[in-house]
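Working notes for the structure below.
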Amino acid sequence: MLVSAVLPMRAFAIEASDRYRSPRNPERRVRASTELIVLHTTEAAEHGSLIKLCDRGEAHYCVTESGKIYRIVDRDREAFHAGRSMWCGKEDVDKFSIGIECVGHHDKAMPSVQIAAIRTLVKELQSMYRLTDDKVVCHSHVAYGAPNKWHSQKHRGRKRCGMLFAMPSVRSQLGLKTRPSYDADVRAKRLVVGDEYLRKVLYGNVDTMRGAYAPEPAAPKDTGGLFSWFRRKEKEKPKPPTPEKKPVSAPKPAAKAPSKVPPKAPPKTTSAPKATPPAPKSVAKPKAVISAAAAPRSVKELVARGYVLKGTVTKGVSASKIAGGKWNSPNTYYTIRNKVIPGNKIDPAHIENGMCIWMPK
């Protein structure tokens with residue numbers, strides 16, 4: 001009991017900025033329940049998206065490409081993010097869900113630093129509301145379109161907003177091991193499939209983001225409890241250094257005894273000495289070809305070669321502040337929008353916010 005009393009307690013703390021906190025907070029009622037976390041894509045740039053979300057109170061959080069998290073509406077209040085929506089027969093998903101807007105597009109990979117921020121936020125909210133991985137969905141899982149001139153029935157099926165968050169490769173990066181296995185509203189004939197491709201993304205094997213991210217390493221199993229805590233502490237103790245073995249030098253060969261037989265005198269000759277042939281012209285030796293591995297072309301290759309993410313360029317954090325004097329080293333790499341640029345080829349004028357800087361361990 002004494003040991004358990006000194007163990008750190010689990011604290012919930014979401015580091016988020018209130019710069020774009022919506023003035024509509026006071027008029028939004030407190031949710032009766034929280035059953036889902038819904039991930040959206042803004043389909044627009046950062047600044048305009050934040051202004052719109054703040055003005056209308058259309059999300060609880062917004063995560064930018066640089067990994068910054070903004071709080072829009074208080075997490076226990078209703079945010080008008082889901083629109084026309086249905087989940088397992090229940091309409092108006094705003095009443096029982098948390099909405100997270102992510103700056104980006106439904107069919108394009110997001111920067112690793114943004115994915116890491118989304119993962120941290122989602123895991124914290126899951127712990128707060130005790131939600132399993134299959135309760136973290138994308139907007140496509142719950143939204144459906146209104147009728148239009150091409151669809152005369154009551155609706156036109158699900159919409160593609162945020163659909164990349166249903167793909168197994170992206171969910172793996174977010175630490176989500178499961179996803180919804182079928183559309184309960186389509187199965188119950190409350191809705192129809194209006195987009196066959198989207199259905200394969202949500203519940204089939206279509207994954208266009210596969211290869212955009214390095215595979216998530218398997219986490220070690222931990223059964224929890226007091227004994228597990230002691231085992232982790234034991235592993236953290238520094239190991240004594242291993243003494244270095246001195247190399248064994250090879251025995252020197254024995255020196256040969258000098259020969260006692262005198263060298264023979266060269267035979268006398270009366271003929272004129274032969275002309276010494278000219279020395280052959282020196283042939284230039286071919287230069288050795290220095291073999292070097294091709295430059296990495298993706299974040300996956302960088303991770304495979306032992307590179308680690310050192311930081312992300314933002315308005316207040318420059319490249320030199322992250323990488324020091326090695327900001328333009330050929331062993332330093334910049335990544336953004338699936339591009340990998342070596343430090344010695346980066347144009348300082350083109351270093352932009354959101355660029356991730358990778359360096360060897």
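The values are calculated or read from the model by the stated rules, or taken from the named source; none is laboratory data. Since we're looking at a predicted model, the values are computed, not measured. Please note: Cβ atoms are built from the backbone with ideal geometry, for glycine as well, and neighbour counts cover all protein chains shown.
Remarks
- For the residues K123, K95, the requirement of being without any contact (Cβ under 8 Å) to a residue 60 or more places away in the chain, of a type in the set (K, R) and farther than 15 Å from T41 by Cα singles out K123.
- Scanning the range 306-336 for residues that are surrounded by 12 or more Cβ atoms within 10 Å (Cβ to Cβ) and outside any helix (DSSP H, G or I) yields a total of 18.
Yes/no per residue for (1) among the acidic types (D, E); (2) closer than 24 Å to Q173 by Cβ; (3) assigned to a loop (DSSP other than H, G, I, E, B):
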residue	(1), (2), (3)
C54	no, no, no
C62	no, yes, no
E65	yes, yes, yes
A79	no, no, yes
E101	yes, yes, no
G104	no, yes, yes
A109	no, yes, yes
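- E91 being over 25 Å from the mean Cα position of the chain (by Cα), modelled with pLDDT under 95 and charged (D, E, K, R): yes
- Check on A32, over 28 Å from the mean Cα position of the chain (by Cα) and either within 14 Å of Q114 (Cα to Cα) or in a loop (DSSP other than H, G, I, E, B) (or both): yes
Conditions (1) crowded, with 18+ Cβ neighbours inside 10 Å; (2) assigned by TED's automatic domain parsing to the domain that holds M110; (3) in contact with a Lys or Arg (Cβ under 9 Å, 6 or more places away or on another chain), marked per residue:
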site	(1), (2), (3)
A32	no, yes, yes
A45	no, yes, no
G57	yes, yes, yes
S66	yes, yes, yes
V73	yes, yes, yes
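- In the range 121-147, residue surrounded by the most Cβ atoms within 10 Å (Cβ to Cβ) [restricted to those that are over 21 Å from M86 (Cα atoms) and basic (K, R)]: K123
- Any chance L125 is modelled with pLDDT of 95 or more, under 23 Å from D76 (Cα atoms) and assigned to a loop (DSSP other than H, G, I, E, B): no
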